[in-house]
Structure formats: structure tokens, C-alpha cells
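Quick one: this structure, given as C-alpha cells, is what I'll be asking you about.
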Amino acid sequence: MIHLTIHHIGYLVKKINQAIDEFERLGYTAVSETVYDDFRKVHICFMEKDGYRIELVSPADSESVVAGLLKKYKNSPYHICYETPALEADLKALAVEGFTAIDTPTPAPALSGRRVVFLMNRFLGMIELLETVSLP
Ligand code: NI
């Protein structure tokens, strides 16, 4: 049993402030501050339009895990993130279905420290899982 709901589409951008301005011109609204993720060396800002949520991701330096991706793909969407209340169980279930974890569940500072993990699939490319945390 896999329990995924779509949380956001990750979008690589070279210059995050300029990208925010351009998305605002298209009618998106920033719904977070621009946050620095020290684990992944990226700047992140969430924006929304028409019920869709996007995550702008910009490498902070050449050591960033996404610096290579940006060179390859330029400014473009690059992952869909799925939220799950059962992170470990879904990781196991997806492994059986051909999704290989490329890192281990790590807190995401831009998402209140909730854990995320990235997986690769030979036919779909990269996806992200985000742990649902119920608020007390
Ligand atoms: Ni993401």
C-alpha cells in the first residue's frame, strides 16, 4: 500500500530572486521566505498558483547537489514531491517497484525540518518523498 499525495513540483532556477519576480508576474504568490538549506547547499522558496505549489531551488555554490543538474537541465522543473504519512513503509514499497533511494531521509529546513528523501526511477527520473507530520 503506497500513500502518496502530490505536495509540490521542484523547479531548478539559476537566480532565485529574479525567478520569484517572474513567477509573480505570471500570478504566483510566494508562500514562504527564501530559506537556505544547509544540508543540500540550496536556496528554496515555495510559491503557489491555482492550487498548485512549486518549489524554486537554486544552488548556493558549485558544491551544491543541484549545481550539476542546473548545468544539464537549465531553468526547468525536475522533480515531483509526494507527501506520505508512512515514509519508511513507502520507501520499502517503492524499492520493490524500481525506485532507488539516492540519499537517506534528511530534515528539510524549508519544510519545518520534515524529512525528505529522493529516489530515482529509470522511466520517471527523480521523485521526492516528504514525511507528513501531524501537528500536536
Ligand atoms: Ni522538492
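Considering only residues of region 107-127 that are away from the ligand (no atom under 12 Å from the Cβ) and over 21 Å from Met1 (Cβ atoms), which is surrounded by the most Cβ atoms within 10 Å (Cβ to Cβ)?
Here the residue is Pro109.
Still on this model: Kindly indicate which of Leu70, Leu130, Leu94 is in a strand (DSSP E or B) and surrounded by 12 or more Cβ atoms within 10 Å (Cβ to Cβ).
Working: Leu70 fails: in a strand (DSSP E or B); Leu94 fails: in a strand (DSSP E or B).
Sole residue among the options that is in a strand (DSSP E or B) and surrounded by 12 or more Cβ atoms within 10 Å (Cβ to Cβ): Leu130.
Looking at region 82-99, I want the residues that are within 26 Å of Tyr52 (Cα to Cα) and have a partner that is basic (Lys, Arg) with Cβ atoms under 7 Å, at least 6 apart or on another chain. Which pairs are those?
So the pair list comes out as Leu87/Arg115.
Right, here's the next one. Quick check, is Ser32 small (Gly, Ala, Ser) and not in a loop (DSSP other than H, G, I, E, B)?
In short, no.
So the check is Cβ under 8 Å with 6+ separation or different chains; which pairs have a first residue in region 112-136 that's within 20 Å of Val31 (Cα to Cα) and of a type in the set (Gly, Ala, Ser) and a second one that's within 15 Å of the ligand (Cβ to nearest atom) and modelled with pLDDT under 95?
Partner pairs satisfying both residue conditions: Gly113/Pro107.
Only one of (1) more than 14 Å from the chain's Cα centre (by Cα); (2) among the basic types (Lys, Arg); (3) within 12 Å of the ligand (Cβ to nearest atom) is not met by Lys72, so which one is it?
Lys72 satisfies every listed condition except (3).
Which condition number in (1) away from the ligand (no atom under 12 Å from the Cβ); (2) part of a strand (DSSP E or B) is the one that Ile80 fails?
(1)
Go through region 36-59 residue by residue and tally those that are modelled with pLDDT of 95 or more, more than 12 Å from the ligand (Cβ to nearest atom) and either surrounded by 15 or more Cβ atoms within 10 Å (Cβ to Cβ) or polar (S, T, N, Q) (or both).
The qualifying residues number 5.
For Ile16, are the conditions met, namely being among the β-branched types (Val, Ile, Thr) and closer than 25 Å to Val133 by Cβ?
Working: among the β-branched types (Val, Ile, Thr): yes; closer than 25 Å to Val133 by Cβ: no.
No: the conditions fail for Ile16.
The values are calculated or read from the model by the stated rules, or taken from the named source; none is laboratory data. Every value quoted in this text rests on a predicted model; they were computed, and no experiment measured them. Glycine gets a Cβ as well: all are built from the backbone with ideal geometry, and neighbour counts include every protein chain shown.
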